[in-house]
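The values are calculated or read from the model by the stated rules, or taken from the named source; none is laboratory data. Here the structure is a predicted model, which is why all the values come from computation and not from measurement. Every residue, glycine as well, gets a Cβ built from its backbone with ideal geometry; the counts of neighbours run over all protein chains shown.
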Amino acid sequence: MTNGNHFVEIAAILGLATLFGVIGQKLRQPLIIMFLATGILAGPSGLGIIHSYDQIELLAHIGIALLLFIVGLKLDLHLIRTTGPVALATGLGQIVFTSIFGFLIAIAMKMSFLSAAYVSVALTFSSTIIIVKLLSDKKEIDSLHGQIAIGFLIVQDIAAILALVGLTTFGSSVAEEGPAYVSVLIIGAKGLGMLAIIALLMKYLIPYLTERLAHSLELLTLFAIAWAVFLGAGSEMLGFSKEVGAFLAGVSLASTAYRDSIGARLTGLRDFLLLFFFIDLGARLDWSTVGSQMGASLIFSFFVLIGNPIIVLVIMGLMGYRRRTSFLAGLTVAQISEFSLIVAALGLSIGHITNETVGLITLVGVVTIFVSTYMILYSGNLYRLLSGPLKIFERSIPYREAAICTLKEAVTLDVILVGLGNYGSGLAEYLLRRNKTILGIDFDPGVLERWRERGVPVLYGDMADPEMHEQLRLNKARWVISTVRSKEMNLTLMHILEKDGYDGKVALTAVNEEEAREYENAGAHLVFRPFTDAAEQAADMLAYSMDFLPESVNWPISFLEMRIRSDASIAGQAVRNLMLSTEGISILAVSRGGRIYYEPDPDFRIFPADRLLLMGPPAGLKGAESMLNQFEMQKNGEDIDRFEIAEIRISDDSKISGQSLADIRFRQKYGVTLAGIRRGQDQITTINPEERLQAGDRLIVIGKVGAVKKLKEQAPL
């Protein structure tokens, strides 16, 4: 089909891979599956495009080496320590139990001892690349279950490297003549020697070399690739696999300050070269033997999809985690990884296993990766379906997560704030400055720890969890605010609050106007639009600065444009009271609502959101900005300038019953505005001065806090 032209062959393969990649994107599937499908279609069992097996195999080997290099480069042992013993216990426990049960299943299916060993080892590894991508897309990478999952996936990666070392050592010892233990000792000595040399280079040469090469990122990247290939080749010469050498090359650079830059530059190259590994694997599948492995592959796939999550559920449940956290973490091990396929390919090259076993492991990989992707994407729905039966995996007191929560029974709340990210934390900061009591809810333990240290009540979890609402006293909260930018989660929150009979106010955060309208239709009392608000404010600031800030003035006087915050203590005060002149500071202009006031007089009052253009010495301007925006804590949480809306009932024996609004002179008498009347099932929104009030009417009034409070004291009128 390609007439022996290697370039045309590669072009056809890449075109097919792109087409399958687009299909995989529509199906929300990882590219690994689609690359395997590309290899199957392009191989002899399909279109027969592939003939240059040697070239593709070379690219595949370089891709695997680069994968192991980046794994070593980003090996984060600190993450394992920060997630505590659960990462090690779950990672090692899952490896041990999966390999034991997998081995027993394989033996029961009449597989040879060596083939059963390879299959059981392959079943233990889960794909770090796929899981990180899925968790990142769902914004769960910083959640507790996300951190635990990444922690035990790192443990699995380390175990996979050790398995590769063990297999290459075992394969070399079998190939050598003479006693096996002598060969093992020789390989061990070579390995220790290589580790010692790399350790010396890490200490004395690599830091100096990377420091010099870092002046050119291209040269630093080239050095990293050359170093990985060099150690890979050296490792192979010593009797190990090239993958082991590449991994150690990555570890040797992991302690430098440039590992993130190198990793970012090589990730795309790694993904491109790994394409050829999976294509080569798919092309080499012998479909005449795969058909006979179909039944066995379904059995092993069922074990991985169901058994691996159950193993994690049991271990984390015993360690004191809630069933939801355990379940979501367990779903991340419901597939086998690219390491499993690498181990299978290595076993085939050594001669330990046959093409049939490789085909079996590949089929299990295809099935488990395909199914588990949807299990993770729809983990919330899956958990709600299985929440009841999963109670058997949870202790009566899940003490580890209970320790994260600091909510006290006696707390009365102004706000339950869901989501303590950048926007949520900023909102919490300003609410606290206004003396509001809040309860923060988030699934990032690090964020909760920072707020806990400040004495703010916090709760671990997310509001989409049905059990979360059992821990909250919604009847004691005036507002529930979500800063989470997930339409599905916010609508779920509205549904759950309605189901629980919550009668307070709800505020949600929208990404765009379409989403905002959907929230308003769902019953949200307030919708935040952070992007729109920030863009408008930035445009105002920029336009104002372009008009008034000088572009270049060589003079020992500086200019500062600043905005007055809503809680600033100087809000409402006259310019004469700001005491700026003593520091040599002048107000050149004030921007308010699109209007500019030049050189305001001493009686001019400053209000929140005003933009001031200040002139003065640099040191004085810095102090003036801090002074002008110093906030004033409201006493007892009461702001007399704040408006409040209330409902007032007219009693049966009220003196104003039967009188018209014109006769009562409502605004002048009570200091509030009548916004509407609720009379039985009727709602009167257009207020007519001739309207006569009736006993039992409920008046909707709005006014300053003090006036409304005084009117409430007289109610019913």
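Of all residues being hydrophobic (A, V, I, L, M, F, W, C), under 27 Å from Ser126 (Cα atoms) and crowded, with 21+ Cβ neighbours inside 10 Å in the range 43-64, which is modelled with the lowest pLDDT? Just the residue, please.
Only one residue fits best here, namely Ile64.
Can you tell me how many residues within the range 216-251 are over 13 Å from Ile262 (Cα atoms) and either charged (D, E, K, R) or in a loop (DSSP other than H, G, I, E, B) (or both)?
7
Could we say that Leu491 is modelled with pLDDT of 75 or more and in contact with an Asp or Glu (Cβ under 7 Å, 6 or more places away or on another chain) here? Full working, then the answer.
Details: modelled with pLDDT of 75 or more: yes; in contact with an Asp or Glu (Cβ under 7 Å, 6 or more places away or on another chain): no.
So Leu491 fails the test.
Name the pairs whose Cβ atoms lie under 6 Å apart, with the first residue in the range 692-717 and in contact (Cβ under 8 Å) with a residue 60 or more places away in the chain, the second part of a helix (DSSP H, G or I), and 6 or more positions between them or separate chains?
Close Cβ pairs (under 6 Å, with a partner that is part of a helix (DSSP H, G or I)) amount to Leu711/Tyr670.
Looking at the range 450-460 only, could you name the residues that are in contact (Cβ under 8 Å) with a residue 24 or more places away in the chain and of a type outside the set (Phe, Trp, Tyr)?
Result: Arg452, Val456, Pro457, Val458, Leu459.
Select from the range 118-162 the residues that are of a type outside the set (Val, Ile, Thr) and outside any helix (DSSP H, G or I) and list them in ascending order.
Leu123, Phe125, Ser126, Ser127, Lys138, Lys139, Glu140, Asp142, Ser143 - these are the residues of the range 118-162 that are of a type outside the set (Val, Ile, Thr) and outside any helix (DSSP H, G or I).
Here are some conditions: (1) at pLDDT 75 or above; (2) crowded, with 21+ Cβ neighbours inside 10 Å. Ala117 meets all but one. Which one does it not meet?
Exception for Ala117: condition (2).
Against the definition (in the same structural domain as Ile564 (by TED's automatic domain parsing), at pLDDT 80 or above, among the hydrophobic types (A, V, I, L, M, F, W, C) and touching an Asp or Glu at 6+ places or on another chain (Cβ under 6 Å)), how does Leu588 come out, yes or no? Show your work before the answer.
Numbers: in the same structural domain as Ile564 (by TED's automatic domain parsing): yes; at pLDDT 80 or above: yes; among the hydrophobic types (A, V, I, L, M, F, W, C): yes; touching an Asp or Glu at 6+ places or on another chain (Cβ under 6 Å): no.
Against the criterion (in the same structural domain as Ile564 (by TED's automatic domain parsing), at pLDDT 80 or above, among the hydrophobic types (A, V, I, L, M, F, W, C) and touching an Asp or Glu at 6+ places or on another chain (Cβ under 6 Å)), Leu588 does not qualify.
Testing Lys242 on (1) among the basic types (Lys, Arg); (2) more than 22 Å from Leu162 (Cβ to Cβ); (3) touching a helix residue (DSSP H, G or I) at 6+ places or on another chain (Cβ under 8 Å), one condition comes back false. Which one is that?
Against the list (1) among the basic types (Lys, Arg); (2) more than 22 Å from Leu162 (Cβ to Cβ); (3) touching a helix residue (DSSP H, G or I) at 6+ places or on another chain (Cβ under 8 Å), Lys242 comes up short only on (2).
Scan (1) modelled with pLDDT of 70 or more; (2) surrounded by 15 or more Cβ atoms within 10 Å (Cβ to Cβ); (3) acidic (Asp, Glu) for the single condition Asp603 breaks and write down its number.
Every condition holds for Asp603 apart from (2).
So which pairs qualify, if the first residue must be in the range 605-626 and closer than 11 Å to Glu561 by Cα, the second must be part of a loop (DSSP other than H, G, I, E, B) and of a type in the set (Val, Ile, Thr), the Cβ gap must be under 9 Å, and the two must be at least 6 apart or on different chains?
Asp610/Ile564; Arg611/Ile564; Leu612/Ile564; Leu612/Ile606; Leu614/Ile585; Met615/Ile557; Met615/Ile585; Leu621/Ile585
Of the residues in the range 391-413, how many are at pLDDT 85 or above and buried (at least 18 other Cβ atoms within 10 Å of the Cβ)?
0
Conditions (1) buried (at least 23 other Cβ atoms within 10 Å of the Cβ); (2) at pLDDT below 85; (3) over 20 Å from Leu134 (Cα atoms), marked per residue:
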site: Gly317; (1), (2), (3): no, no, yes
site: Leu328; (1), (2), (3): yes, no, no
site: Phe339; (1), (2), (3): yes, yes, no
site: Ile353; (1), (2), (3): yes, yes, yes
site: Met375; (1), (2), (3): no, no, no
site: Arg384; (1), (2), (3): no, yes, no
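Which of the following residues is of a type in the set (A, V, I, L, M, F, W, C), modelled with pLDDT under 80 and under 41 Å from the mean Cα position of the chain (by Cα): Leu613, Leu621?
Leu621
Can you spot a residue in the range 439-448 that is modelled with pLDDT under 80 and in a helix (DSSP H, G or I)?
yes
Take Ile570 and tell me if it is modelled with pLDDT of 75 or more and farther than 30 Å from Thr325 by Cα.
Spelling it out, Ile570 is indeed modelled with pLDDT of 75 or more and farther than 30 Å from Thr325 by Cα.
Tell me which residues, restricted to the range 487-533, are crowded, with 18+ Cβ neighbours inside 10 Å and either aromatic (Phe, Trp, Tyr) or in a loop (DSSP other than H, G, I, E, B) (or both).
Once the filter is applied, which keeps residues that are crowded, with 18+ Cβ neighbours inside 10 Å and either aromatic (Phe, Trp, Tyr) or in a loop (DSSP other than H, G, I, E, B) (or both), the range 487-533 yields Tyr502, Ala510, Tyr519, Ala524, Phe528.
Do the conditions hold for Ile100, that is, is it out of contact with any strand residue (DSSP E or B) (no Cβ under 8 Å at 6 or more places or on another chain), more than 30 Å from Ala264 (Cβ to Cβ), surrounded by fewer than 19 Cβ atoms within 10 Å (Cβ to Cβ) and modelled with pLDDT of 80 or more?
When the stated conditions are applied, Ile100 passes them.
Looking only at the range 414-438, which residues are part of a helix (DSSP H, G or I), touching an Asp or Glu at 6+ places or on another chain (Cβ under 9 Å) and over 19 Å from Ala510 (Cα atoms)?
The answer is Tyr430, Leu431, Arg433.
Please determine whether any residue of the range 419-440 is of a type in the set (S, T, N, Q) and closer than 21 Å to His145 by Cα.
Yes.
Being exposed (fewer than 15 other Cβ atoms within 10 Å of the Cβ), assigned to a helix (DSSP H, G or I) and on the phi < 0 side of the Ramachandran plot narrows it down to one residue among Thr18, Thr38; which is it?
Thr18
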